[in-house]
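Below are the structure tokens for one structure; questions will follow.
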Amino acid sequence: MIECKNGLFHLRNLSLSCLLRVNRYGLLEQVHFGAPVRSEDVEALAGQPGLGWGSSLLLNDKDPGSSPDAMALAWSGSGRGDFRESPLEMDGQSTDFCYVNHNVLDTPPLMECGLPQTHGKGETLEILMEQPGARLRLYFTLYETAMTRFAVLENTGEQPIALHKLMSFSMDIYGSYTMTTFNGGWAAEMQRCDTVVGASRVVNESATGASSNQHNAGFLLSEMDATEDAGRVYGFNLIYSGNHYASARQSQQGFIRVMQGINPAHFCQTLQPGEKFETPEAVLCYSGAGWGGLSARMHKFVLNHVVPEYWSRRERPVLYNSWEGCMFDFNESRLVDLARRAKNLGCELFVLDDGWFGKRNDDLAGLGDYNVNLKKLPHGLHGLAQKVNKLGLEFGLWLEPESVNEDSDLYRAHPDWALTDRFPTIYGRHQLLLDLTKPEVRDYIVENVSKVLDSANITYVKWDMNRHSVAVGKKAHEHVLGLYDVLRRIFGPRPQILLESCSSGGNRFDLGMLCFGPQVWCSDNTDPISRLDIQGNLSYLYPQSTFGAHVSASPHAQTLRATPLSTRGNVSFFGCLGYELDLKHLAAIEVQEIKHQIELYKTYRRLFQFGTFRRMKNGWQVSLDGVTAAGVFHKLVSAAPGYEQLRLKGLDADKIYHLRTRAQKIRIGQFAHLLKHVAPVNLNPNGAVINTADKHYGLEDGVEGYRVSGAALLSGILLQPLFRGTGYDTNQRTQGDYGSNLYIVEEV
Ligand code: DGJ
């Protein structure tokens, strides 16, 4: 609901209140953003400036409360007495936008520049502010669990405006907060970093051309005592895939000014008279129930208003992807053999990754070309897709349309289509980006990708992009708009294609890409222990159905860490499950385990993909319609460990549940040296008997089942003990390092 009365604007629902007020100087005050309050509370919520603060500049010499520097604002000018960071910089001049009028709309207006936007019904407040020669429209849209904001600046004067910075939003919130950002790099995305926000500015930004694996655009502000289940937490994100910027700083008066938008570094747009600039939509979310409460609200928002409606709650197939198993080394018969094996395991979709076109036999050549490599695939994509379909699998394809190798027919024909600057070429993964600001480049991509998609029965696309950009400023933004144009033209008419975006893994995990496809490849790092951080930290802001999560080989290609297959499965269950390893050399016991994993995942797929996700101290849980799945994960074990508790959340204390473990097996080889103590004969731990047994038989592990009340599960039950060096027993969790269990808890 949006209430507007006498210069007071109140956007309120069951999750939040945003209370704005136009003050006597025409400035827009942010009286409150947080838990729902009443409009009548405005005086009590707004600060009373009394006699003001020394050294202030006053808008009215007789009013000590007229210092912009001391006000909590929803937008601020610069050079006019507010010395905090301004969300707007233009012409190197001061700015001073004042309220003119407002409107309430049923939904936010469609942007003209082609930026992706939220969908669904969201009552919107439009506030018009003006200064001589320019008009600023601020949009506030209220959804069930979050609010979005964006800004539009229009040149109403006669001279061009040089726009250097225009944030999507700015607001001042009272209190002391820690800013949590998610930083990293290739294969190490989403590392959580907590920085106390004080008098120095804390910044989260990307400058690589994409939202980047270095700094995800989403971030949190948490009150110092916030926990997973209690305390005030704000979450912010941007519906944008390019260079982003966010900052937070605490003022002398105790307000934190927080803002987010396109990165102003190098940014400059010239607005001719009559021209407009539209910012991306930013997402603002609040919960008084800790990080868990905030995540639940963000997840709901992303599913309901960001990901394409067709896919928002549609179940995703279990896929097999050829990349880690084959890389570039495949031909049709190898792929069909893999597809047969994948089908036998229970997979539903076979994805052919990189290497199917042009001279793409390594990463030195071929990007930009679309001709199928007939040496590898003599019957083309169509022939391969038919064979895969015949096996009962859907067929999906990898593409990297934004890039070009110098060794490609496209580059030889159009070297000027590559995105360069005026300095010598620099390379990333031996490739260049195509200049998506050029209409002919966009047309080329749309035409060729469309042809490929229509050439075979392709139901899934992995859209990859593997280098950082050299575009800065205006070009960087226009490049992102070019990408959105291409995606819209290709996938708009094909909404039923499942689009998983990817950029060297999670280099573009953002809400902009999620507007076009419902899932993103989280990381090239599929080591489950690394994934505990990557998926766990993504879960603060993104629902698990947006995660591509695959089981790969062990020891892992990026970390060399050896982990049990059960743990690789248990971690990948909390996302869109896939397999990405050479299936030819799986041991019988691995085949058995994977079959079991897929069967269980299919039984509880809706729960895993769309259940309410919660982080526990020792793992994750998802709950839906009276069923909960909980993964308990371990890193390094210690000797003779004590008991461990399983403490679930969100159950009904008065109901009775049945809890059981997913039956999983441990490899005999793990205990080879110990077997001699129990076997009647002296077995060689490296000998053929143990090696053969290891491949075929497993030992039952952690078999557990109870009828137990919701009250006990909420309070915490003690799980079976971990291995303590005192012998093997099925009623114990004999796991060693990186072990895990999955528990299914169902209402009786
Ligand atoms: C990077 C992706 O993240 C990988 O999954 C794979 O598709 C390769 N590109 C292929 O070149």
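The values are calculated or read from the model by the stated rules, or taken from the named source; none is laboratory data. As the structure is a computational prediction, the values presented were derived from the model and not from experiment. Positions of Cβ are generated from backbone atoms using ideal geometry, with glycine treated the same way; all protein chains shown enter the neighbour counts. Areas reflect the complete protein model, heavy atoms only, side chains present, ligands, DNA and RNA absent. Shrake-Rupley method; radii C 1.70, N 1.55, O 1.52, S 1.80 Å.
Within the set of pairs 6 or more residues apart or between chains, which connect a residue that is under 16 Å from ALA588 (Cβ atoms) inside region 680-694 to a residue that is not in a loop (DSSP other than H, G, I, E, B) with Cβ atoms less than 6 Å apart?
ILE690/ALA672; ALA693/ILE668; ASP694/ARG667; ASP694/ILE668; ASP694/GLY669
When LYS474 is evaluated against the numbered criteria (1) at pLDDT 95 or above; (2) within 30 Å of HIS164 (Cβ to Cβ); (3) away from the ligand (no atom under 16 Å from the Cβ); (4) open to solvent by 20 Å² or more (accessible area, probe 1.4 Å), which criterion, by number, is the only one it fails?
(1)
Just name the residue that is farthest from the ligand (Cβ to nearest atom) out of those in region 490-511 that are of a type in the set (Gly, Ala, Ser) and open to solvent by 10 Å² or more (accessible area, probe 1.4 Å). It would help to see each step written out before you state the result.
If we filter region 490-511 for residues that are of a type in the set (Gly, Ala, Ser), which is where we start, we get 492, 501, 503-506.
Checking which are open to solvent by 10 Å² or more (accessible area, probe 1.4 Å) leaves us with 492, 504.
Numbers: GLY492: 24, SER504: 5 Å.
Here the answer is GLY492.
Read through the list (1) without any contact (Cβ under 8 Å) to a residue 12 or more places away in the chain; (2) touching a Ser or Thr at 6+ places or on another chain (Cβ under 9 Å), then give the number of the only condition that LEU110 fails.
It fails just one condition, (2).
So which pairs qualify, if the first residue must be in region 77-88 and closer than 9 Å to LEU57 by Cβ, the second must be among the hydrophobic types (A, V, I, L, M, F, W, C), the Cβ gap must be under 8 Å, and the two must be at least 6 apart or on different chains?
From region 77-88, the pairs are ARG80/LEU57; ARG80/LEU59; GLY81/LEU57; GLY81/LEU58; GLY81/LEU59; ASP82/MET71; ASP82/LEU73.
What number of residues within region 261-275 are part of a loop (DSSP other than H, G, I, E, B) and of a type in the set (A, V, I, L, M)?
Residues of region 261-275 part of a loop (DSSP other than H, G, I, E, B): 263-268, 272-275.
Next, from what is left, pick out any that are of a type in the set (A, V, I, L, M): 265.
Summing the residues that are part of a loop (DSSP other than H, G, I, E, B) and of a type in the set (A, V, I, L, M) in region 261-275 gives 1.
Sticking with this one: State whether the residues of region 374-393 include one that is open to solvent by 10 Å² or more (accessible area, probe 1.4 Å) and within 16 Å of the ligand (Cβ to nearest atom).
Yes, region 374-393 contains a residue that is open to solvent by 10 Å² or more (accessible area, probe 1.4 Å) and within 16 Å of the ligand (Cβ to nearest atom).
Any idea which of (1) surrounded by 24 or more Cβ atoms within 10 Å (Cβ to Cβ); (2) among the small types (Gly, Ala, Ser); (3) within 10 Å of the ligand (Cβ to nearest atom) is the one SER539 doesn't satisfy?
Going through (1) surrounded by 24 or more Cβ atoms within 10 Å (Cβ to Cβ); (2) among the small types (Gly, Ala, Ser); (3) within 10 Å of the ligand (Cβ to nearest atom) one by one, SER539 breaks only (3).
OK, next. Taking the options THR227, THR279, THR270, name whichever one is of a type outside the set (A, V, I, L, M), touching a residue at least 24 places away in the same chain (Cβ under 8 Å) and surrounded by 21 or more Cβ atoms within 10 Å (Cβ to Cβ). Steps first, please.
Numbers: THR227 fails: surrounded by 21 or more Cβ atoms within 10 Å (Cβ to Cβ); THR270 fails: surrounded by 21 or more Cβ atoms within 10 Å (Cβ to Cβ).
Answer to the selection: THR279.
Here's a check for you: in region 673-718, which residue that is open to solvent by 80 Å² or more (accessible area, probe 1.4 Å) and under 15 Å from ASP729 (Cα atoms) is nearest to the chain's Cα centre (by Cα)?
Across region 673-718, the extreme among qualifying residues is GLU700.
One residue is enough: does region 116-133 have a residue meeting the conditions of a type in the set (D, E, K, R) and touching a residue at least 40 places away in the same chain (Cβ under 8 Å)? Show your work before the answer.
Initially, region 116-133 is screened for residues of a type in the set (D, E, K, R), giving 121, 123, 126, 130.
Subsequent filtering for residues that are touching a residue at least 40 places away in the same chain (Cβ under 8 Å) retains 123.
Checked region 116-133: at least one residue is of a type in the set (D, E, K, R) and touching a residue at least 40 places away in the same chain (Cβ under 8 Å).
May I pose another question? Only one of ARG21, ARG38 is of a type in the set (Lys, Arg) and crowded, with 18+ Cβ neighbours inside 10 Å. Can you tell me which? Walk me through it before giving the result.
Details: ARG38 fails: crowded, with 18+ Cβ neighbours inside 10 Å.
Matching residue, one of ARG21, ARG38: ARG21.
Listed residues ARG341, ARG297, ARG314; which is over 30 Å from LYS121 (Cβ atoms), away from the ligand (no atom under 16 Å from the Cβ) and either β-branched (Val, Ile, Thr) or open to solvent by 40 Å² or more (accessible area, probe 1.4 Å) (or both)?
Values: ARG297 fails: over 30 Å from LYS121 (Cβ atoms); ARG314 fails: over 30 Å from LYS121 (Cβ atoms).
Residue meeting the stated conditions: ARG341.
Return yes when GLN558 is modelled with pLDDT under 95 and either within 16 Å of the ligand (Cβ to nearest atom) or open to solvent by 10 Å² or more (accessible area, probe 1.4 Å) (or both) and no when it is not.
Values: modelled with pLDDT under 95: yes; either within 16 Å of the ligand (Cβ to nearest atom) or open to solvent by 10 Å² or more (accessible area, probe 1.4 Å) (or both): yes.
For GLN558, the condition - modelled with pLDDT under 95 and either within 16 Å of the ligand (Cβ to nearest atom) or open to solvent by 10 Å² or more (accessible area, probe 1.4 Å) (or both) - is met.
Looking at the structure I just gave you, is LEU651 of a type outside the set (Val, Ile, Thr) and open to solvent by less than 30 Å² (accessible area, probe 1.4 Å)?
Working: of a type outside the set (Val, Ile, Thr): yes; open to solvent by less than 30 Å² (accessible area, probe 1.4 Å): yes.
Against the criterion (of a type outside the set (Val, Ile, Thr) and open to solvent by less than 30 Å² (accessible area, probe 1.4 Å)), LEU651 qualifies.
Answer yes or no as to whether LEU487 is surrounded by 24 or more Cβ atoms within 10 Å (Cβ to Cβ), within 20 Å of THR459 (Cβ to Cβ), more than 14 Å from the ligand (Cβ to nearest atom) and of a type in the set (A, V, I, L, M). Show your work before the answer.
Numbers: surrounded by 24 or more Cβ atoms within 10 Å (Cβ to Cβ): yes; within 20 Å of THR459 (Cβ to Cβ): yes; more than 14 Å from the ligand (Cβ to nearest atom): yes; of a type in the set (A, V, I, L, M): yes.
So LEU487 fits the description; yes.
Let me ask something additional. Return a yes/no flag: does region 439-455 have any residue that is surrounded by fewer than 16 Cβ atoms within 10 Å (Cβ to Cβ), away from the ligand (no atom under 16 Å from the Cβ) and in contact (Cβ under 8 Å) with a residue 60 or more places away in the chain.
Yes, region 439-455 has at least one match.
Can you tell me which residue is farthest from the ligand (Cβ to nearest atom) among those in region 513-535 that are within 22 Å of LEU399 (Cβ to Cβ) and under 10 Å from the mean Cα position of the chain (by Cα)?
Looking at residues that are within 22 Å of LEU399 (Cβ to Cβ) and under 10 Å from the mean Cα position of the chain (by Cα), I get LEU514.
Next up: Within region 209-224, can you find the residues that are buried (at least 20 other Cβ atoms within 10 Å of the Cβ) and of a type in the set (A, V, I, L, M, F, W, C)?
Passing the criteria: ALA210, ALA217, PHE219, LEU220, LEU221.
Would you list the helices (runs of 4 or more DSSP H) that sit entirely within region 642-736 and hold 2 or more residues that are closer than 17 Å to VAL748 by Cβ and at pLDDT 90 or above? It would help to see each step written out before you state the result.
On the way: elements: 672-675, 688-696, 710-715.
Ranges flagged: 710-715.
Testing ASP362 on (1) of a type in the set (Asp, Glu); (2) within 16 Å of the ligand (Cβ to nearest atom); (3) closer than 22 Å to GLY548 by Cα, one condition comes back false. Which one is that?
Status for ASP362: all satisfied but (3).
Additional query: Which ones in region 415-438 are within 16 Å of the ligand (Cβ to nearest atom) and either assigned to a helix (DSSP H, G or I) or crowded, with 17+ Cβ neighbours inside 10 Å (or both)? If you could, list the steps in order and put the result at the bottom.
Of the residues in region 415-438, the ones within 16 Å of the ligand (Cβ to nearest atom) are 427-433.
Within region 415-438, GLN431, LEU432, LEU433 qualify.
Here's something else I'd like to know. What is the residue count in region 317-338 for residues that are more than 20 Å from SER572 (Cα to Cα) and within 16 Å of the ligand (Cβ to nearest atom)? Let's see the steps before the verdict.
Taking region 317-338 as the starting set, the residues that turn out to be more than 20 Å from SER572 (Cα to Cα) are 326-338.
Remaining after also requiring within 16 Å of the ligand (Cβ to nearest atom): 326-330, 335, 338.
So the count comes out to 7.
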